[in-house]
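The values are calculated or read from the model by the stated rules, or taken from the named source; none is laboratory data. Here the structure is a predicted model, which means the values were calculated and not measured. FYI the Cβ positions are ideal-geometry reconstructions off the backbone, even for glycines, and counts take in every protein chain you see. SASA here: full protein model, heavy atoms, side chains in, ligands and nucleic acids out. Shrake-Rupley method; radii C 1.70, N 1.55, O 1.52, S 1.80 Å.
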Amino acid sequence: MKTVLVVDDETDIAEAVKSILEDEGYKVVTCTNGREALACLEETRPDLAIIDVMMPVMNGFETIQAIRHTEAFATLPVLIMSAIDPSVRPHAYDWAGFLKKPFSLDNLLTQVHKLAPLAA
Amino acid sequence: MSSGQEGDSGRKGKQPRLETGVPRLDFITKGGLIQGASYALLGPPGSGKTVLAHQIAFWHVQHGGKALYVTLLTESHARMLANLEVMAFFDASVIPDKLHYISGYRQLETEGLKGLLEMIRRAARQHQATLLVMDGMDAAKEFARGDLTYKRFLQELQTFVSIIGCTTLLLSPHYTGDMPPETTAVDGVFELSLWLSGPRAVRELVALKFRGSDSLLGKHELEISDQGIIVHPRTEVQFSAPQERSEGPRIRMAFGVPRLDESLHGGLLSGSTTLLLGAPGTGKTLLGLRFLLEGARQGQPGVYFGFYETSQRLMEKAEGVGMGDFKKYVDEGLIEIQWQPPLEHNLDALAERLLERIHERNVKRMRLFVDSIAGFRSATVYPERMSRFFSALSHQLRMMDVTTLYSEETALFSPDVDAPQPDATAYVENVILLRYVELRSQLYRLLSIMKMRESQYDSGIREFSITNEGITVAETFESAEAVLTGHAILAGTPNKSRRKPPMGAKSAKKKKAAAAAKRKPVQRRRS
């Protein structure tokens with residue numbers, strides 16, 4: 001079973017994504033900020049992280065940067081989730097995809113299936 | 001940046017809409033509900049929430065969507081469906097494949113709001129619902145420990161339905177005055193109400209909030225019949241910015257009454273609105289019919305929109321005053337009689353009926369006679385609306401190049417000209433006043449043009465008569481200078497004291513005598 005880590009301080013969004021992806025057959029773990037996410041990386045060992053940009057404590061970009069500096073997760077696919085297109089930022093954090101909020105079910109599933117395909 | 005992906009482009013720009021199929025509701029929301037948004041339908045029991053939600057649901061599934069109807073401590077599904085079976089929109093064939101019913105109360109009772117939310121999430125995805133109806137939200141509210149918990153539940157529900165693109169209707173009982181928590185949490189709020197205006201039951205839909213689009217907020221009357229719900233948007237907000245339909249240069253629309261047309265410098269200007277003001281019996285209806293007849297004789301179509309006289313009676317009336325060909329034009333369809341039966345009417349429904357008919361006919365140089373304004377007035381439950389209503393209606397008719405006559409009654413016995421709606425003269429271009437003047441036990445009919453915007457006119461007061469030969473307007477009535485104040489009295493000069501009888505009275509008397517002479521004596525039967 002593939003594991004997805006969903007990081008968003010808006011818990012209604014995290015819970016909605018969790019419910020949808022669980023129905024698809026993923027194991028989903030939710031966190032409300034970057035620091036929490038980093039703390040549970042080792043335990044959950046996700047196949048994909050869906051990370052919001054604007055969060056308290058540690059924002060999405062900082063979280064991605066920290067993940068990239070963790071050797072075991074340097075290549076973890078990250079799907080950025082934000083109301084603002086991250087391409088406007090000068091830094092590159094090597095994210096694999098972008099979900100513009102509010103997003104549709106089709107867009108969510110397309111991106112998740114692409115980045116963390118379930119076994120046939 | 002390595003591989004930034006494009007966002008959900010479908011969300012940009014104009015938001016996709018969900019048509020409701022409820023006549024004119026989509027007009028109020030300027031295109032329908034916003035897909036994936038959530039709406040509260042509030043109202044007291046019996047106000048039509050369940051009917052409205054079902055009407056939308058049936059329309060939705062009949063047009064390719066899938067709906068999930070979740071009940072929470074409401075009437076049983078069987079009972080609900082039995083009540084709805086009589087409605088024209090009901091279609092048993094779509095249940096349960098396209099319109100699926102589930103009860104969420106057990107889940108709510110055992111697992112609370114979280115369990116209910118999870119059940120809805122799963123059911124909505126399982127049935128691929130594009131419309132979710134939750135009926136009986138008051139039960140969910142009861143289970144919440146407070147407004148905050150309930151709002152939280154609503155927020156989580158909304159986030160979910162927004163992602164799956166499922167439009168949601170949340171039905172709650174509600175009494176005017178309190179402000180339920182869902183009004184702040186949802187994207188739109190429609191409040192239904194049912195109240196009594198005298199003996200009349202009035203149903204209304206109030207659009208309180210509609211996020212994401214322009215809309216016609218405010219109160220709109222609605223009707224529930226076996227056809228379902230019909231919303232009647234307020235005329236004055238519907239036509240606040242009517243589109244002009246130019247028909248080329250304006251022309252004169254004559255009455256076919258020589259001296260009246262001369263006074264009007266050839267007739268009323270096309271596309272104008274005119275008030276025929278006068279006491280009962282002064283001849284407003286006949287003058288209006290004469291206007292339609294003259295139009296028909298020139299090939300111009302006309303509509304009589306009246307409240308009091310049936311088609312048959314109108315034609316008899318016309319025939320009795322020298323308008324024998326009126327019936328011919330009615331039969332040919334050039335003149336159309338739209339009689340409104342003496343029932344309880346809805347003000348805006350009347351305007352819709354009138355405008356839709358004119359729109360359907362789609363003809364040029366249309367003449368319209370509305371007989372009378374009082375018919376509309378009696379249909380309103382908000383008298384203060386009348387000025388704005390008529391102003392909007394008149395403006396719309398003007399933009400459709402319709403030349404309109406409105407009849408309006410003044411008091412029968414009053415020396416003053418007291419129009420029931422004094423400001424009515426402001427929204428019409430022309431005012432023609434018909435009056436009685438009593439002089440030495442004789443009644444005289446007087447006609448005067450009080451106002452004619454955008455045109456020259458003869459302001460002289462003229463006597464006119466209605467005989468079986470038609471309507472005749474005389475030269476300026478010299479002794480009636482005080483007619484507008486109702487104080488027409490003899491000035492005391494010898495020639496004025498020998499006032500002639502009213503116009504037409506002599507010929508009428510002569511004809512009566514001739515007819516009597518022709519008549520055979522009645523044979524009395526001997527007992």
> At B:Arg353 and B:Glu438, where each label point lies 7 Å from the Cα along Cα→Cβ, what is the point-to-point distance in nanometres?
Replying inline: 3.7 nm
> When the helices in chain A are scored as -39500 (n - 2.57) per DSSP H run of 4 or longer and the sum is shared across all residues, what 222 nm value do you end up with, to the nearest 500 deg cm²/dmol?
Replying inline: -11500 deg cm²/dmol
> Got a number for carbon plus sulfur as a percent of the range B:17-233's accessible area, 1.4 Å probe?
Replying inline: 53 percent
> Could you give the semi-axes, largest first, of the ellipsoid that matches the range B:235-315, computed as the square roots of 5 times the alpha carbon gyration tensor eigenvalues and rounded to whole Å?
Replying inline: 23, 20, 14
> Which residues does a label at B:Arg252 reach in the range B:291-316, if reach means a backbone N under 18 Å from a point 7 Å past the Cα toward the Cβ?
Replying inline: B:291-300
> Hey, got the dipole for the protein assembly as shown? About the Cα centre, +1 on K and R Cβ, -1 on D and E Cβ, debye to the nearest 20?
Replying inline: 4500 debye
>> Need one number: nm distance between label points at B:Ser76 and B:Gln312, each 7 Å from Cα along Cα→Cβ, rounded to one decimal.
In response: 5.1 nm
> Counting other Cβ atoms within 10 Å, which GluC sites (Glu not before Pro) in the range B:320-415 have at most 15 and lie in a DSSP loop?
Replying inline: B:Glu344
> What distance in nm separates the simple spin-label points at A:Glu43 and B:Glu384, each placed 7 Å from Cα in the Cβ direction?
Replying inline: 6.3 nm
> Which whole number gives the average, over all residues in B:153-162, of C-beta atoms from other chains lying within 10 Å of the residue C-beta?
Replying inline: 4
> Cα centroids of the range B:72-123 and the range A:4-38: how far apart, whole angstrom?
Replying inline: 29 Å
>> Give me the one-decimal Kirkwood hydrodynamic radius in Å for the range B:17-233, with the sum taken over alpha-carbon pairs.
In response: 17.2 Å
> Near B:Glu316, within a Cβ-to-Cβ distance under 10 Å, what is the net charge of the other residues, with Lys and Arg +1 and Asp and Glu -1?
Replying inline: +1
>> So for each of B:423-434, B:78-89, A:67-78 I average, over its residues, the number of other beta carbons within 10 Å; can you give me the resulting order with the highest mean first?
In response: B:423-434, A:67-78, B:78-89
> Where the centre of each part is set by its Cα atoms, how far does the range B:271-299 sit from the range A:43-78, in angstrom?
Replying inline: 81 Å
>> Counting only other chains, and only Cβ atoms inside 10 Å, what mean value do you get across the residues of A:15-22?
In response: 5
> What is the sum of charges around A:Arg68, taking Lys and Arg as +1, Asp and Glu as -1, for the other residues whose C-beta is under 12 Å from the C-beta of A:Arg68?
Replying inline: -3
> In the calculated pair distance distribution of the protein assembly as shown, what percentage of Cα-Cα distances lie above 35 Å?
Replying inline: 58 percent
> When only alpha-carbon atoms count, how far does the range B:252-485 stretch along each of its three principal axes, as whole angstroms with the largest first?
Replying inline: 49, 40, 34
> Where does each of B:Val161, B:Val363 land when they are ordered by accessible area, with a 1.4 Å probe and the largest first?
Replying inline: B:Val363, B:Val161
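Would you mind giving the average projected area, over all directions, of the Cα convex hull of the range B:124-212 in nm² with one decimal?
On the way: hull surface 28.5 nm².
So the mean shadow area of the Cα hull is 7.1 nm².
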> Assigning unit charges at the beta carbon (Lys, Arg +1; Asp, Glu -1) and nothing else, what dipole magnitude in debye, to the nearest 20, does the range B:17-233 show about its Cα centre?
Replying inline: 420 debye
>> For the range B:315-372 and the range B:171-242, what is the centre-to-centre distance using only Cα atoms, to the nearest Å?
In response: 31 Å
> How big a patch of accessible area, both sides summed and in Å² to the nearest 100, lies buried between B and A at a 1.4 Å probe?
Replying inline: 2200 Å²
> So in the protein assembly as shown, what percent of DSSP beta bridges are antiparallel if you round to the nearest 5?
Replying inline: 35 percent
>> Let me check the size of the range A:33-120 from its C-alpha atoms; what are the radius of gyration and Dmax in Å?
In response: 12.7, 39
>> Using only alpha-carbon positions, what ratio does the radius of gyration of the range B:83-142 give when scaled by 2.2 N^0.38 Å?
In response: 1.28
> For a label point 7 angstrom out from the Cα of B:Lys451 toward its Cβ, which stretches of the range B:352-394 have the backbone nitrogen within less than 15 Å?
Replying inline: B:387-388, B:390-392, B:394
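Report the gain in length on full extension from B:Asn468 to B:Ser225: 0.36 nm times residue separation, minus Cα-Cα distance, nm rounded to one decimal.
Computed gain between B:Asn468 and B:Ser225 is 82.9 nm.
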